[in-house]
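The values are calculated or read from the model by the stated rules, or taken from the named source; none is laboratory data. Everything numeric in this text was worked out from a predicted model, so none of it was measured. When we count neighbours, we look across all protein chains shown, and the Cβ atoms used for this are built from the backbone with ideal geometry, even at glycine. The accessibility values were calculated without ligands, DNA or RNA, using every heavy atom of the protein model including side chains. Shrake-Rupley method; radii C 1.70, N 1.55, O 1.52, S 1.80 Å.
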Amino acid sequence: MSFLTISHLRKSFNSTTVVHDFNLSIDKGEFISLLGPSGCGKTTVLRMVAGFETPSAGMISIGGNDVVNLKPNQRNIGMVFQAYALFPNMTVAQNVAFGLKVAKKPKAEIDATVREMLTLIKLDHLADRYPYQLSGGQQQRVALARALATKPQVLLLDEPLSALDAKIRVSLREEIRSIQRKLGITTIFVTHDQEEALSISDRIVVMYEGRAEQVGAPFEIYNQPASRFVASFVGTLNMLDATVRDAAAGIITIDGCDVVLGPRLNGHKAGDQISLAVRPEAVSLGAASAAREVTLDGRINSVHFLGSVIRIRASLGQNTVSFDTFNNPSAPPPAPGEDVKVSLAAKDLLVLGH
């Protein structure tokens, strides 16, 4: 049985609906990411779970209890915002203790919890500093500790890393995931960064225009996208145009080359124009092999040397593909304008729907 259930959630502002019939069941201790572009409704969903926004329709249940009509401070939820929202006139320790003091916890319990939280985020040596004396990453860790200090049932993270530089983002997201696993707290993480979501989530909810386009594990979301939007938004993608040559036999034509897709062409007929997607890592330089049986003729457009990796872009007639190959000092890469063979496996071609 799920610990946090969101059923038929909808939110409208005047005549504009920003969340449409949103449904999600989350197990206790699960780490869920809401992933999508700006304006897709992910933060609105988070704010409705937190109690900062009232749903226009639908139900939110935590631990079997409907919380829609409860105020934010009655839901036992911890929240970390994009802007650290620390109290500038309070020390690190005082910021972490704030929620406990509001709850009128005994001083001994407050002191013990603050020590525990600061040890957890590895900032116990900075307990007496003020926010202005901390880096952005340190401030966000304090905000996380403050949210966890009250031992909430659910932790909500609203793009907590977007204000930080790239290197700190990577280390802090790993730290957040480590702490979440250690505490076993049910977590919803909002982000527009696909790499963040793929790297730390148990499951990802890809949102688009107020709807959940797909819900699944990172491996599933990346390798088996359910829609054109998910395929294009999550990861780098090559888009190919093809023509159905023989629907019954499952044969298509890509730039003059016949490829057998089999039953994936169900519902199409000969002459239909279809769109395919293929990940860059599924494309190789060179003729067909046992693993990649489809060979396409191409011409190199550009070659970018990136150290251990060489990024190649090639034209295949009407289509263009990008892919990476490892640097081999004894085998220089092809030059722009050079004719080449490019290979891929038919099973790696995704037939895109809407």
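A few notes on this one:
- Karplus-derived HN-Hα couplings along the range 101-109 (A = 6.51, B = -1.76, C = 1.60, θ = phi - 60°), whole Hz, x at Gly and Pro: 5, 4, 7, 6, 6, x, 4, 4, 5
- Neighbour count of at most 13 Cβ within 10 Å plus DSSP loop: longest trypsin sites (Lys or Arg not before Pro)-free window in the chain: 123-268
- Computed extension length for residue 289-residue 83: 69.0 nm, one decimal, from 0.36 nm per residue of separation with the Cα-Cα distance subtracted.
- Sequentially through the range 166-177, phi angles give Karplus couplings (6.51, -1.76, 1.60; θ = phi - 60°) of 4, 5, 5, 4, 5, 5, 6, 5, 5, 5, 4, 5 Hz, Gly and Pro residues having no value and appearing as x.
- Where only DSSP H runs of four or more residues are counted, the chain gives -7000 deg cm²/dmol as its mean residue ellipticity at 222 nm, each run worth -39500 (n - 2.57).
- The length gained by stretching the chain between residue 326 and residue 168 to full extension, at 0.36 nm per residue less their Cα-Cα distance, is 54.1 nm.
- Gained length - residue 12 relative to residue 301, 0.36 nm times residue gap less alpha-carbon distance: 99.3 nm
- Surface share of carbon and sulfur [accessible, 1.4 angstrom probe, percent] for the range 278-354: 54 percent
- For the range 97-152 versus the range 257-330, the spacing of their alpha-carbon centroids is 51 Å.
- Within the chain, longest stretch free of exposed GluC sites (Glu not before Pro) [DSSP loop, at most 14 other beta carbons within 10 Å]: 1-292
- Under 5 Å from the amide H of residue 40 lies no amide H of any residue 5 or more positions distant or on a separate chain, with H modelled from the backbone and absent for Pro and chain starts.
- A viscosity of 0.692 mPa s and a temperature of 37 °C, combined with the Kirkwood radius over Cα pairs in Stokes-Einstein, give a translational diffusion coefficient for the chain of 141 µm²/s.
- The range 171-268, accessible surface, carbon-and-sulfur percent (1.4 angstrom probe): 48 percent
- 5 angstrom amide H check on residue 214, placed H, neighbours 5+ away: 206
- When both bridge partners sit in the chain, DSSP labels roughly 75% of those beta bridges antiparallel.
- Heavy-atom surface of the range 173-245, accessible at 1.4 Å and reported per residue (Å²): 42 Å²
- Each residue of the range 297-310 was assigned a 3J(HN,Hα) from its phi angle through the Karplus curve 6.51 cos²θ - 1.76 cosθ + 1.60 (θ = phi - 60°); the sequence is 7, x, 9, 5, 8, 8, 9, 10, 7, 10, x, 6, 10, 10 Hz, with glycine and proline shown as x.
- Gyration tensor verdict on the range 13-71 (Cα atoms; rounded if a/c is under 1.5, prolate if a/b is larger than b/c, oblate otherwise): oblate
- Modelled FRET efficiency - R0 22 Å, residue 223 with residue 275, Cβ distances, 0.05 increments: 0.80
- Long-range amide H partners of residue 3 with built H, under 5 Å: 26, 27, 28
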